Structures are given as structure tokens and as C-alpha cells.
């Protein structure tokens, strides 16, 4: 196994080379194509959500030209698309250019990278709480209830998307819940993705019921997934972090290497 990079810059360079420049940050089943310097991936079904754009190598000397082409492409498809911007991408004024073209910015996240071994640690959970992998449609329905309570009723499409993803490639996607009762409410939920052909796994989700926050569930799910990743031969972790998770992951040893902001274009708006 190749030695893990030691510095934040080395981690970022490795992530860019192994994942972004090889179009591996893509949901199973998506179409992948390039339009000049623009990298697109999207569901074949035009009404489906999840279409993504990014430009890790910039947009050349005429960024507005390439942005306009994406607006035309996804307008013709009638498909909502997210342009995932990174603060390290070499495009002057990218976010203001996207806004001028009709993209709407969402909350800024911070990309954190680091070693899975730093994330494995013991966590004392409340009596009766256990972690286990999702096994059935009933489990996914319980996750949907949690997601709607945490994020609002319009989040069900995310849950459906993840369920399909796991069914397509169960070897690359593991969903885990924390619960007290297998028939009761899900207390916390998180997803682990393996980026095949790289050293990286991705830690996604981490939604916890408001009444159960501050009781170690997020940290326990991080540790649990990191150990699985190590066992599968993925020594490095990436997380797109919210303000809630960032302090926890910083204390555990992950590095903040860039900010990433989604800009969403919805045809007809």
C-alpha cells in the first residue's frame, strides 16, 4: 500500500488526482461526459435529481462560454443540476459568474481530508443503543422519517437516491443506523462510500435526531465507518463538513483543505 500523504496540501493533491481528475466522485449508474473543461455526470432519467458539474482544471480563457453551454444543456434536458465549486479551482470569480447565469448558491461546506486510523476511537453510547447496517426497505423508510424530521419533508428524494445507489453497488456503499429498537425510530444515520481504485472513502450523512444530539452518536458512526474502511483497504477519508461536524472531525485529526459550495440551476426558474 502506498504511504499516506502527511500534509493537508499533499492530501488535497492526492484527492484531486485520484478522485476528481478521474471522474470517480460519481454516483453509480450516472452518465459521465466532458464538455471541454467541464466534467458532468447525471442520471439518464431527465426527471431524476443528482446531476452534477465541476471544473477541477478551470474553464480556460472564456469561463462564461462554458457556463452558458451547461445552462443550455440542462435546460434542454429539463434537469436540475448542481455545480460543485471548490475554492481551489482555478476560475476567477466563478461563483459570481454562476450567479449571473442563473445558478443559486447554497450553504458553504468545508472539504476535510485525513487518515481513517485517526477516526477510530471508543465511544460510550447510551444503554441499549447499537449500530448496524441497513438491511431492508423498512429500514430505509425509518431513515426517511428521520431525514424528514431533521431536514424537512422535501428531503425524501435524497433518501430514495441513496437507496437506489446502494442497491446498484452494495460493494461500494454501506448505510448504517444507530437505534435502540429495530422497530422504533432511527436515532442517527450515516453512509460510507468507497471510491474504487483509490485510497479514499467518503463519509456522508451523519443526521442525528435533535433529541439525541450531543450523546456521541455522530462520533460513533464516524469511528464505525472508518474501521470498516480500513478493513477494506481504504486508509484515507474525505468529508464535506457542516459547522456541526467540523469541530468534531478537526479534533480527531482531519484537515480542512478547501471550501466547497453548491450552485444549483433549475430550468424554468
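Each reported figure results from applying straightforward, stated rules to the coordinates on display, with no laboratory input. Quick caveat: nothing in here was measured; it's all calculated off a predicted structure. Cβ sites come from the backbone with ideal geometry, for glycine too, and all protein chains shown count toward neighbours.
Assorted remarks:
- Estimated FRET transfer efficiency when R0 is 41 angstrom, pair residue 33-residue 141 (beta carbons, to 0.05): 0.75
- Cα long-axis angle, helix 63-77 against the chain (0 to 90 degrees, to the nearest 10): 70
- Viscosity 0.890 mPa s, temperature 25 °C, Stokes-Einstein D of the chain from Kirkwood C-alpha radius, µm²/s: 126
- Extension gain from residue 158 to residue 75, taking 0.36 nm per residue of separation minus the Cα-Cα distance: 27.7 nm
- Alpha carbon convex hull of the stretch 131-269, projected area averaged over orientations, nm²: 9.7
- Placing R0 at 22 angstrom, the Cβ-Cβ distance between residue 95 and residue 9 gives a FRET efficiency of 0.45 after rounding to 0.05.
- An ellipsoid equivalent to the stretch 133-207, defined through the eigenvalues of its Cα gyration tensor, has semi-axes of 21, 13, 12 Å when rounded to whole angstrom and sorted largest first.
- For the pair the stretch 200-251 and the stretch 51-65, the centres of their Cα atoms are 31 angstrom apart.
- Between residue 213 and residue 61, the FRET efficiency from the beta-carbon distance, with R0 = 41 Å, is close to 0.30.
- Hydrodynamic radius of the stretch 85-183 by the Kirkwood approach over all distinct alpha-carbon pairs: 17.3 Å.
- Using alpha-carbon coordinates, inclination of helix 156-168 to the longest axis of the chain, degrees: 80
- Unit Cα scatterers, Debye sum, the stretch 1-84: log10 I(q)/I(0) for q = 0.10, 0.19, 0.26 Å⁻¹: -0.30, -0.87, -1.29
- Applying the Kirkwood pairwise sum to the alpha-carbon positions of the stretch 180-258 produces a hydrodynamic radius of 13.5 angstrom.
- For the stretch 11-154, a/c is not less than 1.5, where a ≥ b ≥ c are the root eigenvalues of the C-alpha gyration tensor, and a/b tops b/c. That puts it in the prolate class.
- Net length gained if the chain between residue 45 and residue 130 were fully extended (0.36 nm per residue, minus Cα distance): 26.9 nm
- Antiparallel bridge percentage (DSSP; both residues within the chain; nearest 5): 90
- Projecting label points 7 angstrom from Cα along Cα→Cβ for residue 172 and residue 88 puts them 2.2 nm apart.
- Label-to-label distance for residue 107 and residue 18 is 2.8 nm, based on points extended 7 Å past Cα in the beta-carbon direction.
- Cα pair count fraction exceeding 17 Å, expressed as % - the stretch 43-123: 56
- You can think of it this way: the chain between residue 68 and residue 196 has 42.8 nm of extra reach, that is 0.36 nm per residue less the Cα-Cα gap.
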